[in-house]
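Q: First the structure, then my questions, so here it is.
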Amino acid sequence: MRNTQLESWSRLQPELNKRQEQVLQALKELGNAATNRQLAKHLGWEINRITGRINELCYMKKVVGHRTIKDTETNRKVTLWQRLNVGFKQAELW
């Protein structure tokens with residue numbers, strides 16, 4: 001998507017839907033940072049339900065990819081997602 005499309009979409013979607021709220025709440029409960037797999041386990045959802053919500057929340061600037069870590073179950077590098085607007089300074093994100 002182009003930046004202009006994202007801006008238009010975010011203006012039309014000012015409020016979070018139920019599933020987005022659930023993912024943000026799960027992030028909060030997990031210490032404001034978690035991987036897709038951790039979120040899926042916490043919520044009891046399939047991982048594909050998480051990835052779509054995370055992408056939406058990224059576009060809405062509610063979460064950011066904090067860093068890359070190694071998933072001990074899959075032995076792959078994965079993104080650790082961080083909630084934004086929770087009182088962190090930008091420097092603390094990195």
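A short reminder: the numbers here are calculations on the coordinates, not readings from a lab. Just so you know, these numbers come straight off a predicted model, no measurement behind them. Every residue, glycine as well, gets a Cβ built from its backbone with ideal geometry; the counts of neighbours run over all protein chains shown.
Q: Based only on other Cβ atoms within 10 Å, what is the fewest-to-most ordering of TRP81, TRP45?
A: Lowest to highest Cβ neighbour count: TRP45, TRP81.
Q: Under 27 Å Cα to Cα from LYS77, which lysines show up? Leave out anything in the same chain fewer than 8 places away.
A: LYS28, LYS41, LYS61, LYS62, LYS89
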